[in-house]
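What follows is a short report on a single structure.
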Amino acid sequence: MAKEPGELKWIEELLPEEGYRRKSMFGGFAYYIDDKIVLLIFESDDKRWNGTMFPVEREFQPQALKKFPELSPHVILPKWLYLPLHTEGFDEIVPDILREVLRPRSFWGSIPKPKGKKGNSRKRKNVEDEISTKIDTRKPRLFSDEPAEDALKKAKKISDLKNLGEVTEKQFAKIGITTAQQFIKLGWKKTMKKLIEYNPKYRHSLYAYALIGALTNTEFTHISDEEKAEAKAFIKSIPKPDAKKKKSK
């Protein structure tokens, strides 16, 4: 059985909340939306199985590879396009790919064929079309079209803010932040420090992107390059937890 995702756990939070199911597969995890497999995550010392995979039917692979040249057909499972964890810009490429994956009528993803039966291509196409229209493509949250100042004033719950949902709301509660106004007053840097002190897994620039976006009413992938650079520099400035100290506790 695969271990719970560690370093790549943050990728799960890019999927629609409660809109996917996870299944152990080949030592990693496969993620489904309805019957469509859209993502696989692997973590291991083997470079062939350490990163993310995106199922794409062969006929659509040229389009996918043209848009994301960092991908390549997996050496063992060529039907799946692989993005190794060591890829430069990995934490920015993955969200961009998932935005494409979650678009309505996206060619990304694959519906596994029933075991022992030949797939009916017409029926399968109809099912794909039906599924694609149901996918939650991360619809904008409350106040999303308003200026940031107005949106922040109206926000009461953490989940009222862009990029932040019920899961984040629970995470914030564990570090003593229970309202949107508390978070706004504290700011993203102090909030990040609290999160990282609570659990080192939050020491990742994407969490910072999400918080910055929440305070500017912007999708986390659309914050400015300057804000991304500031987030990365801030995360790097926070020391990694000392493994020896952790063991001695």
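The values are calculated or read from the model by the stated rules, or taken from the named source; none is laboratory data. Please read these numbers as outputs of a predicted model, since none were measured by experiment. For neighbour counting, all protein chains shown are included, and Cβ atoms are generated from backbone atoms with ideal geometry for every residue, glycine included. Remember, those area values only see protein heavy atoms, side chains included, never the ligands or the DNA or RNA. Shrake-Rupley method; radii C 1.70, N 1.55, O 1.52, S 1.80 Å.
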ask   = How about the stretch 82-108: which of its residues are open to solvent by 30 Å² or more (accessible area, probe 1.4 Å), in contact (Cβ under 8 Å) with a residue 40 or more places away in the chain and not in a helix (DSSP H, G or I)?
value = Leu85, Phe107
key: Enumeration of residues in the stretch 190-220 that are touching a Phe, Trp or Tyr at 6+ places or on another chain (Cβ under 8 Å) and surrounded by fewer than 16 Cβ atoms within 10 Å (Cβ to Cβ)   = Lys201
request  = Taking the residues in the stretch 1-52 that are β-branched (Val, Ile, Thr) and touching a Leu at 6+ places or on another chain (Cβ under 7 Å) as candidates, determine which candidate is nearest to Asp96 (Cα to Cα).
outcome  = Thr52
request  = Quick one: which strands (runs of 3 or more DSSP E) lie wholly within the stretch 1-77 and hold at least 3 residues that are surrounded by 15 or more Cβ atoms within 10 Å (Cβ to Cβ), without any contact (Cβ under 8 Å) to a residue 60 or more places away in the chain and of a type outside the set (S, T, N, Q)?
outcome  = 28-33, 36-42, 51-55
message = Taking the criterion of being more than 22 Å from Gly6 (Cβ to Cβ), open to solvent by less than 60 Å² (accessible area, probe 1.4 Å) and in contact (Cβ under 8 Å) with a residue 40 or more places away in the chain, would at least one residue in the stretch 164-179 satisfy it?
response = yes
